[in-house]
Structure formats: structure tokens, C-alpha cells
1. Counting only residues that are outside any strand (DSSP E or B) and at pLDDT 90 or above, which one in segment 83-92 is surrounded by the fewest Cβ atoms within 10 Å (Cβ to Cβ)?
2. Return the total of residues in segment 69-82 being surrounded by 13 or more Cβ atoms within 10 Å (Cβ to Cβ) and either within 14 Å of VAL130 (Cβ to Cβ) or free of Cβ contacts under 8 Å to residues at least 12 places away in the same chain (or both).
3. Is one or more of the residues making up segment 100-116 modelled with pLDDT of 85 or more and small (Gly, Ala, Ser)?
4. Within segment 135-142, can one find any residue that is closer than 21 Å to ILE70 by Cβ, part of a strand (DSSP E or B) and either among the basic types (Lys, Arg) or at pLDDT 90 or above (or both)?
5. Which condition number does ILE163 fail, the rest of (1) over 30 Å from ARG34 (Cα atoms); (2) without any contact (Cβ under 8 Å) to a residue 60 or more places away in the chain; (3) surrounded by 11 or more Cβ atoms within 10 Å (Cβ to Cβ) being met?
6. Pick from THR109, THR96: which is outside any strand (DSSP E or B) and not small (Gly, Ala, Ser)?
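The values are calculated or read from the model by the stated rules, or taken from the named source; none is laboratory data. Small disclaimer: the values here were computed from a predicted structure and weren't measured. Cβ placement follows ideal geometry from the backbone for every residue including glycine, while neighbour counts extend to all protein chains displayed.
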Amino acid sequence: MFDKEDGTKLPVHTKTEMVPWYPPEWSDLDRIFREIPSLILDRPWPPAIWGRGLSRLKAPEIRAPYYDLIDMGKEYKLRAEIPGIPRDKIDITIDTTSVEISAEAKTETDEEKKGYVSRERTYSSLYRSVAFPEEVIPEKAEATYRDGILELTVPKKIPTEIIKHKVHLK
């Protein structure tokens with residue numbers, strides 16, 4: 001575990017799982033924004049003011065896909081997990097400092113048999129914004145989507161040299 005300049009400890013993840021990265025000082029902000037809908041909609045408001053069933057007004061959950069951002073020296077590679085979304089429903093917007101990925105998919109199935117009708121509807125939505133550490137060239141970005149993995153390659157405006165150093169185990 002490394003200390004920040006002000007002496008506070010950085011968080012350490014003990015599990016081996018993909019964890020979304022953001023500066024540690026944003027963790028409280030992230031938690032607050034995730035809790036706002038429940039703070040407003042799950043309160044026992046008087047029925048005379050809000051009516052019954054206010055919790056049914058909740059919007060469907062918007063998922064934030066896990067991603068890896070890899071610095072390749074001349075470019076950044078971003079891999080995001082977007083399973084179950086058709087490629088024509090994925091929207092990617094890039095500017096010189098960040099990329100926004102959003103997608104939405106709706107499916108309906110109807111099954112009619114003697115004596116009953118079964119209808120199912122599903123809705124899936126996701127959104128993720130990722131900031132690049134350095135300025136990029138958005139016009140030269142390329143994307144591929146295969147097996148639920150979106151891979152985005154975005155060239156850097158000023159390429160950097162990746163210096164490797166061999167570390168010996170003791």
C-alpha cells in the first residue's frame with residue numbers, strides 16, 4: 001500500500017476482480033449519487049401529496065460496464081464488457097479527453113398456447129464515461145465488438161515511450 005503525498009493511505013483491493021477506477025476522493029461522491037434515487041423515492045411520503053406506489057416510478061437501473069484502459073505508448077486500448085447488447089444499439093462518442101459509451105436494448109417475447117398467453121419484456125441500459133490521462137485524436141479511433149467485449153483503439157496526440165524495468169523477486 002502506498003501513501004499519498006498528504007499521508008493518507010490509498011485503498012487496497014484484496015479480491016482479484018475488476019474494479020472500476022476513479023480517484024479515491026470521488027468514492028463518497030459516487031456513493032451519494034447512487035443513493036439519491038432511494039432517498040427520494042423510498043421515503044414514506046404522505047399519500048395525499050404523492051399518491052400511492054411512488055416507488056413504481058423508479059427508472060430502470062443503468063449499468064456501468066467494467067472496463068480496462070491500457071496505455072500502449074502510441075495509443076490507448078479500452079476494453080469494456082457489454083454482454084447481451086446488439087452492436088447496432090451501442091453508441092460511442094469520443095472527444096479529445098474522454099469517451100462515452102452508452103447502449104440500450106429492449107426485447108419482447110409472446111407465447112400463445114391453448115389456454116394461456118405469456119408475454120415477457122426486458123430492458124437493459126448501460127452508460128460509462130472514461131477520461132483519458134492524455135489528449136487523444138478522436139477522428140482516428142477504431143472500435144470492434146465481439147462476444148460481448150467492446151474494444152476501442154484511440155491514438156494519442158503525443159505518443160509516449162513505455163519504459164520497462166525488470167523486477168527481481170527476493
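1. Applying the first criterion (outside any strand (DSSP E or B)) to segment 83-92 yields 83-89.
Filter once more, so that each one left must be at pLDDT 90 or above: 88-89.
Numbers: ASP88: 9, LYS89: 14.
Only one residue fits best here, namely ASP88.
2. 9
3. Scanning segment 100-116 turns up at least one residue that is modelled with pLDDT of 85 or more and small (Gly, Ala, Ser).
4. Within segment 135-142 (the criterion being closer than 21 Å to ILE70 by Cβ, part of a strand (DSSP E or B) and either among the basic types (Lys, Arg) or at pLDDT 90 or above (or both)), the answer is yes, since at least one residue qualifies.
5. With (1) over 30 Å from ARG34 (Cα atoms); (2) without any contact (Cβ under 8 Å) to a residue 60 or more places away in the chain; (3) surrounded by 11 or more Cβ atoms within 10 Å (Cβ to Cβ) applied to ILE163, the lone miss is (3).
6. Numbers: THR109 fails: outside any strand (DSSP E or B).
Unique residue meeting the criteria: THR96.
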